[in-house]
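The values are calculated or read from the model by the stated rules, or taken from the named source; none is laboratory data. All figures in this text were calculated on a predicted structure; none of them were measured in a lab. Cβ: placed from backbone, ideal geometry, glycine included. Neighbour counts: every protein chain shown. In case anyone asks, the SASA skips ligands and DNA or RNA and just uses the protein heavy atoms, side chains included. Shrake-Rupley method; radii C 1.70, N 1.55, O 1.52, S 1.80 Å.
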Amino acid sequence: AQKVTQAQTEISVVEKEDVTLDCVYETRDTTYYLFWYKQPPSGELVFLIRRNSFDEQNEISGRYSWNFQKSTSSFNFTITASQVVDSAVYFCALSETGANNLFFGTGTRLTVIP
Amino acid sequence: DAMVIQNPRYQVTQFGKPVTLSCSQTLNHNVMYWYQQKSSQAPKLLFHYYDKDFNNEADTPDNFQSRRPNTSFCFLDIRSPGLGDAAMYLCATGTGTAPYGYTFGSGTRLTVV
């Protein structure tokens, strides 16, 4: 069975600090997909990234970067030079092949203090 | 240019009074999902349609039903809402095949009074 663990329930940082959100997953599938979503106070889920299990390359998109390590079953998300607009709940999620379900972690609430 | 549209954005219903939430998509995706997200919790899958095939999660209460009359539309019916059903309801669409992608609507926040 699949499992996604986001051990950090809440994080507060001061604006311009870097912050890393941790995600650890469990799956028996050899092919799977990992996702990060942002959920601002308005409630919608905003897609940030998808990574498949065969692609361990790290990715950078502006101030966002992701570190995927299969050896530790982790898919961590770093925000560089955080801004107040980054304040939201961030969800890590896992999709197993053919499961037709996106299984979410419990989320990390990030507060960026001006 | 919203691709997954949920109406209404906010819904207030009375205890025990049936309510229907709607979702439409312009992506022509095979799969449509309904997730329930209670306050400070992760979204939880209620059911999904793969084309016309309905797939219910084992722990989805019987109080929840769904209809998909065509590719574009999917409805969530709550037959007798209880106070515990107050939540954000998120509709999503997906391709159903690799590479798996999911597109979420903006959600309907349901209040039961």
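Could you work out how far apart the two model spin labels at A:Thr80 and A:Glu17 are, taking each label as a point 7 Å from the Cα in the direction of the beta carbon, and quote it in nm?
With each label placed 7 Å out from Cα toward Cβ, I get 1.9 nm.
Sort out the exposed loop trypsin sites (Lys or Arg not before Pro) in chain A (DSSP loop, at most 15 other Cβ within 10 Å) and tell me the longest stretch that has none. Don't skip to the end; give the middle numbers.
Working: sites that count: A:Lys16, A:Arg28, A:Arg63.
Looking at chain A, A:64-114 is the longest stretch - no exposed trypsin sites (Lys or Arg not before Pro) with at most 15 other Cβ atoms within 10 Å.
Report the number of Lys pairs in the protein assembly as shown whose alpha-carbons are under 29 Å apart, with separation of 8 or more residues or on distinct chains.
Total qualifying Lys-Lys pairs in the protein assembly as shown comes to 15.
Rounded to a whole number of µm²/s, how large is the Stokes-Einstein D of chain B at 4 °C and 1.567 mPa s, given Rh as the Kirkwood radius over C-alpha pairs? Write down the numbers at each step before the final one.
Working: Rh = 14.0 Å.
Roughly 92 µm²/s, to the nearest whole number.
Once you order the gyration tensor axes a ≥ b ≥ c over the Cα atoms, which shape class does chain A get: rounded for a/c under 1.5, otherwise prolate or oblate by comparing a/b with b/c?
Numbers: a/c = 2.06, a/b = 1.65, b/c = 1.25.
Verdict is prolate for chain A.
Apply 1/(1 + (r/R0)^6) to the Cβ-Cβ distance of B:Asp59 and A:Asn58, taking R0 = 35 Å, and write down the FRET efficiency to the nearest 0.05. Let's see the in-between values first.
Working: r = 36 Å, r/R0 = 1.04.
The formula returns an efficiency of 0.45 here.
Can you run phi through the Karplus equation (6.51, -1.76, 1.60; θ = phi - 60°) for segment A:13-24 and list ³J(HN,Hα) in whole Hz, with x for Gly and Pro?
9, 8, 3, 5, 6, 8, 9, 10, 9, 8, 8, 10
Could you do me a favour and compute the accessible area per residue for the protein assembly as shown, 1.4 Å probe, result in Å²? Don't jump to the answer; show the numbers that get you there.
Details: 10880 Å² over 227 residues.
Normalised by residue count, the accessible surface of the protein assembly as shown is 48 Å².
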